[in-house]
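One structure is given here, and the rest of the page talks about it.
The values are calculated or read from the model by the stated rules, or taken from the named source; none is laboratory data. Nothing here was measured: the structure is a model prediction, and the numbers come from that model. All Cβ positions, glycine included, derive from the backbone under ideal geometry; neighbour counts span all protein chains shown.
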Amino acid sequence: MREINVSVIEKTVEEIFLKANSVLPESLEECISKSNEKESSPIAKNIFCDMCKNLSVAKELNIPICQDTGMAVLFCELGQDVHITGGDFNTAVNNGVRKAYLDGKMRCSIVSDPLKRVNTTDNTPALIHLSLVEGDKIKLTAAPKGFGSENMSRIKMFTPSATIDDIISFVVETVKVADANPCPPVVLGVGIGSDFEGVALLSKKALCRDISLRNTDEFYKTLEERMLIEINKLNIGAQGFGGDITALAVNIEAAPTHIAGLPVAVNVGCHVTRHCEVII
């Protein structure tokens with residue numbers, strides 16, 4: 001049994017949310033840079049140049065990439081041989097989030113009630129997804145999520161009679177309806193399977209996969225590629241001004257489901273789909 005004090009968790013959470021909001025994953029930054037070379041539209045090429053400058057300045061000055069520093073979503077894989085000492089896990093996470101957002105002077109965007117709309121003033125509570133795994137380590141993934149793109153996300157409860165083309169059409173339609181709202185080019189997390197709640201979580205997890213990594217199942221890898229091709233035919237382009245590149249990547253995660261169902265969720269991420277992970 002390995003002991004980890006809550007102070008370590010709190011400090012780590014603080015660090016990864018600060019980093020996630022100021023430094024993009026390397027593969028995503030590289031993809032944005034290369035998109036400038038692939039793009040044929042002069043306006044879109046200029047926008048990609050501006051995006052690259054923005055990323056560079058944010059990294060250099062250690063300031064947020066985007067003014068919407070997001071809801072603090074945290075994925076935690078907790079090793080079953082870890083004993084957390086010195087306090088409560090959830091409290092430690094929220095303390096870390098609070099410190100990151102207040103000391104980092106990031107925008108606090110969380111309201112305590114969805115209808116009463118009173119800001120909590122410290123970006124807590126975090127949205128924590130906890131799963132038990134083998135081992136004596138803790139894997140933490142910070143995934144701050146802005147709502148310009150989150151609001152464009154959709155779920156559809158297909159029945160098993162739906163075809164692959166039906167699913168592709170739903171994903172493409174989601175991007176078409178979103179248009180310029182999610183600050184394209186987008187990154188899409190697509191969940192297929194599970195149930196109503198599970199498929200949404202699958203799509204969120206898919207967004208946290210490095211965009212340089214394709215699905216390990218050849219079937220879903222091919223489906224990711226097909227979806228990306230169809231989305232980029234929409235000509236929405238960078239920031240909605242038209243162009244060849246409307247999406248940078250499509251990541252699919254699938255899970256077992258009921259014989260009577262075929263849930264599909266699309267979690268839309270903007271061009272700065274942020275995540276940062278660490279193992280302690």
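Structure data summary
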quantity	calculated
Filter result for residue 103 (over 28 Å from residue 198 (Cβ atoms), in the same structural domain as residue 9 (by TED's automatic domain parsing) and of a type in the set (Asp, Glu))	yes
Complete set of residues in the stretch 34-43 that are in a helix (DSSP H, G or I) and over 23 Å from the mean Cα position of the chain (by Cα)	37, 38, 42, 43
Test: residue in the stretch 112-119 that is at pLDDT 95 or above and buried (at least 20 other Cβ atoms within 10 Å of the Cβ)	no
Qualifying residue in the stretch 156-164 (condition: out of contact with any Cys (no Cβ under 6 Å at 6 or more places or on another chain), in contact (Cβ under 8 Å) with a residue 60 or more places away in the chain, over 30 Å from residue 180 (Cα atoms) and among the basic types (Lys, Arg))	no
Scope the stretch 126-150; condition closer than 26 Å to residue 257 by Cβ and in a loop (DSSP other than H, G, I, E, B); matching residues	134, 143
Candidates 108, 76, 66 - the one that is part of a strand (DSSP E or B) and among the hydrophobic types (A, V, I, L, M, F, W, C)	76
Of the criteria (1) in contact (Cβ under 8 Å) with a residue 40 or more places away in the chain; (2) closer than 27 Å to residue 241 by Cβ, which one residue 192 fails	(2)
Options 230, 218; residue that is of a type in the set (Asp, Glu) and free of Cβ contacts under 8 Å to residues at least 12 places away in the same chain	218
Residues that are of a type in the set (Val, Ile, Thr) and out of contact with any Phe, Trp or Tyr (no Cβ under 7 Å at 6 or more places or on another chain), drawn from the stretch 11-49	12, 13, 16, 23
Scan of the stretch 1-23 for residues that are crowded, with 20+ Cβ neighbours inside 10 Å and either over 21 Å from residue 103 (Cβ atoms) or among the small types (Gly, Ala, Ser) (or both), ordered by number	4, 20, 22
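Per-residue answers, yes or no, for (1) surrounded by fewer than 21 Cβ atoms within 10 Å (Cβ to Cβ); (2) closer than 20 Å to residue 19 by Cα:
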| site | (1), (2) |
| --- | --- |
| 123 | no, yes |
| 128 | yes, yes |
| 135 | yes, no |
| 156 | yes, no |
| 160 | yes, no |
| 168 | yes, no |
| 175 | no, no |
| 179 | yes, no |
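Rundown of residues vs (1) loosely packed, with under 15 Cβ neighbours inside 10 Å; (2) outside any strand (DSSP E or B); (3) of a type in the set (Phe, Trp, Tyr), yes/no style:
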{"site": "200", "(1), (2), (3)": "no, yes, no"}
{"site": "206", "(1), (2), (3)": "no, yes, no"}
{"site": "214", "(1), (2), (3)": "no, yes, no"}
{"site": "228", "(1), (2), (3)": "no, yes, no"}
{"site": "235", "(1), (2), (3)": "yes, yes, no"}
{"site": "249", "(1), (2), (3)": "no, no, no"}
{"site": "265", "(1), (2), (3)": "no, no, no"}
